[in-house]
1. Would you please name the residue that is nearest to the other protein chains (Cβ to nearest Cβ), looking only at residues in segment A:70-99 that are part of a loop (DSSP other than H, G, I, E, B), open to solvent by less than 10 Å² (accessible area, probe 1.4 Å) and not aliphatic (A, V, I, L, M)?
2. Report every pair of residues separated by at least 6 positions or lying on different chains whose Cβ atoms are under 8 Å apart, first residue within segment A:66-85 and free of Cβ contacts under 8 Å to residues at least 60 places away in the same chain, second among the acidic types (Asp, Glu).
3. Filter segment A:117-151 down to the residues that are open to solvent by 10 Å² or more (accessible area, probe 1.4 Å) and either in a loop (DSSP other than H, G, I, E, B) or free of Cβ contacts under 8 Å to residues at least 40 places away in the same chain (or both) and list them by number.
4. Does A:Phe102 count as among the aromatic types (Phe, Trp, Tyr), touching a Phe, Trp or Tyr at 6+ places or on another chain (Cβ under 9 Å), open to solvent by less than 10 Å² (accessible area, probe 1.4 Å) and free of Cβ contacts under 8 Å to residues at least 40 places away in the same chain?
5. Output the qualifying pairs, or none if there are none: Cβ atoms under 6 angstrom, residues six or more apart or on different chains, first residue in segment B:62-85 and at the interface with another protein chain (Cβ under 7 Å from one of its Cβ atoms), second residue at pLDDT below 95 and not in a loop (DSSP other than H, G, I, E, B).
6. Looking at segment A:214-226 only, could you name the residues that are assigned to a helix (DSSP H, G or I) and facing another protein chain (nearest Cβ under 9 Å)?
7. Which of the numbered conditions does A:Glu54 fail, given that it passes all the others? Conditions: (1) free of Cβ contacts under 8 Å to residues at least 60 places away in the same chain; (2) farther than 30 Å from A:Arg184 by Cα; (3) part of a helix (DSSP H, G or I).
Amino acid sequence: MRLRLFSLSLLAAALGSMSCGVRAQSRTIDLGSLLDAGKSLVKSQSVGSMSEEEELSIGKEVVAATLGGYPPVRNPELQHRLNQVGVWIALQSSRPELPWRFAAVQSDTINAFAAPGGTILVTTGMLGHVVNEAELACVLGHEIGHVTRRHHIAVLQKSLLVSAGASALNVQSKSGGSEEYRKRLISESKEIFTRGLDRSSEREADEDGVLLAARAGYDPAACLNFMQRLASLKADTGALAALYKTHPTAKERVIDVDQALGKLKGAAPGEGARPELTLNQAETGGEKQ
Amino acid sequence: MLFCALLPAALAQGNVFTNILRSVTGTVSRPEAPAATGQTAVLGVRGMDEGDAKTSAPAGDGVKLIESWAVGRREAEAAASRRGLAARAVEYGKVAADNTNPQGSK
């Protein structure tokens, strides 16, 4: 029943998109064929079956687009150290073999981004709010969670399913469809950055942040401390106001993180390290990729 | 921008990293300013500024820079070890679908 409702919603959404994206014309539409065509397109080019290589490729382009608005901080020592911490945490995840990349980017906002494929961007505003390496681990762990769970891919899939229905009339042949599909993927990925992910995805990522920080040897309670600090700040109604409509508040996330801490087995809050944040003291030596 | 009105706890502490930020970005508030509560801040661990998203152009150089800062598994493990960190087997009490690697980097 739920699936049927979803299909009907999808069709309605597809038709809604059509009315905007296609010049209004008086013509008869075979609704069944439209839905079938949409399903066929998605099945043939599904992000759900996207290979890791494709995921990396899309992720790279998303990162490039994001860096246009958020240039990386040109401090190799800082960036190198950030990568040491980030990769260490990512190694505790379900996808340790991804080519994980971490970068501090210039932005006053308190934010972090995860691109498909394993590139994590953290704003200088965010880095200015973490007081120790354990808190940084929580932030990075959260973003790593989005990547390992392929949250963005799932949103892309839903989004493309709708747009596939909308463009089904135009996609009778697959010639040139791949490049168009790719462009759409990138465009949609960028959109996700502006819209945010849903509540359940953020909760899962918060849980991953706690878990991965704990596995990496950090005190998981640092995640709660960090979130409480964010909750004590007054949310602005400026440029990111739209984000807050779909993003849980820090106060809600304090509750989520607290509950996650209560479920941990193998590490209790208060157990673990809270190293000083020394991103500028990049350690040298060892393997360099 | 907004950040200029903020004074994160980290900045109040004047830690080494934020000193670097000051020198690098020039956007961080004065270290001697008091820590504030009820600050105005943009926060969230998801979301890109809509204006930035619209105006941003692909930055291929940035991608290359990020690649140049990458570190490998062994280096990350060695750095963690030097920091006194060791991987632990930690799980959630009841999780329907585990998505993480219980063995960590071991």
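1. Checking each candidate, the answer is A:Gln92.
2. A:Gly69/B:Asp49; A:Gly69/B:Asp52; A:Tyr70/B:Asp52
3. Across segment A:117-151, the qualifying residues are A:Val131, A:Arg149, A:Arg150.
4. Working: among the aromatic types (Phe, Trp, Tyr): yes; touching a Phe, Trp or Tyr at 6+ places or on another chain (Cβ under 9 Å): yes; open to solvent by less than 10 Å² (accessible area, probe 1.4 Å): yes; free of Cβ contacts under 8 Å to residues at least 40 places away in the same chain: yes.
Yes, satisfied.
5. B:Gly62/A:Leu67; B:Val63/A:Val63; B:Val63/A:Ala64
6. So in segment A:214-226, the residues assigned to a helix (DSSP H, G or I) come out as A:214-215, A:221-226.
Within segment A:214-226, A:Ala214, A:Arg215 qualify.
7. Failing condition for A:Glu54: (2).
The values are calculated or read from the model by the stated rules, or taken from the named source; none is laboratory data. Treat the numbers as computed from the prediction; the structure is a model and nothing was measured. All Cβ positions, even for glycine, are placed from backbone atoms using ideal geometry, and neighbour counts span all protein chains on display. Accessible surface areas use protein heavy atoms only, side chains included; no ligands, DNA or RNA. Shrake-Rupley method; radii C 1.70, N 1.55, O 1.52, S 1.80 Å.
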